[in-house]
Amino acid sequence: SGGGGGDDSTVVYCAVVAALTAVILAAWVFASAVDASQPPGGACERALCGALYCFKRAGLKTRYCAVSRKKVPGMDHFCVWMNTAIGRRNYPAFFIVALFSVLLYAFQIALSVVAYARHAPAAVPVVLSTVNLLCAGGVGGLYAYLLAGHCYLIWRQISTFDYLMEKAKQRAEKRKAA
């Protein structure tokens, strides 16, 4: 565009952030709002959950969730942040929240670095870019850790519950051996 400077890039930035945030919020609301103990509702939900859940091919058990007091098919864990049990029905939405959050924060980190490089001599933009970089890096790092952990569990074809039980058994065996 003509002499507008950063107007086009600002629109693109806002559009990308809005799109990623909309996906995160929609997935978060879905994961939190559905009853994980019930089978998927409509045909669209069944198709979507079935297609996205295929990466957890292991026949994850129906387990009782002591927090929600329900039997949850494919129980993975109880998510305190979403205040719901995560199972076969809402695991894809939970995974989408983690994945798109990592993408959002990676995008913000990249833009902070670009803004920092562009405005290095100016104090205010540098301070704002640094604050954004630190915040996005911190929160993004936590989401990246969550995503990496769930990718590992998917690779192993086990649930979070199974992983935690495995670790507890290993600790108990170490204590017994010592």
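Just a few scattered comments:
- As a size descriptor, the averaged projected area of the C-alpha convex hull of segment 132-178 was calculated at 4.6 nm².
- Within the assembled protein chains, the solvent-accessible surface assigned to Met75 is about 20 Å², based on a 1.4 Å probe.
- Exceedance of the 27 Å cut-off in Cα-Cα distance is limited, within the set Lys61/Lys169; Lys61/Lys167; Lys70/Lys167; Lys71/Lys176, to Lys71/Lys176.
- Using θ = phi - 60° and Karplus 6.51 cos²θ - 1.76 cosθ + 1.60, couplings along segment 105-118 (whole Hz; Gly, Pro as x): 5, 5, 4, 5, 4, 4, 5, 5, 5, 4, 5, 4, 5, 5
- Across segment 66-81, computed HN-Hα scalar couplings (Karplus, 6.51 cos²θ - 1.76 cosθ + 1.60, θ = phi - 60°) run 5, 6, 8, 6, 9, 7, 10, x, x, 3, 9, 6, 9, 8, 5, 6 Hz from first to last residue, x flagging Gly and Pro.
- Across segment 136-151, computed HN-Hα scalar couplings (Karplus, 6.51 cos²θ - 1.76 cosθ + 1.60, θ = phi - 60°) run 5, x, x, 5, x, x, 5, 5, 5, 5, 4, 5, 4, x, 6, 5 Hz from first to last residue, x flagging Gly and Pro.
- The packing ranking of peptides 99-106, 76-83, 138-145, highest mean first, is 99-106, 76-83, 138-145, where packing means the average number of other beta carbon atoms within 10 angstrom of each residue.
The values are calculated or read from the model by the stated rules, or taken from the named source; none is laboratory data. The shown structure was predicted, so the numbers you read here are calculated from the model rather than taken from an experiment. A quick note on method: Cβ atoms are made from the backbone with ideal geometry, for glycine too, and the neighbour counts reach across all protein chains shown. Ligands, DNA and RNA are excluded from the accessible area calculation, which covers all protein heavy atoms including side chains. Shrake-Rupley method; radii C 1.70, N 1.55, O 1.52, S 1.80 Å.
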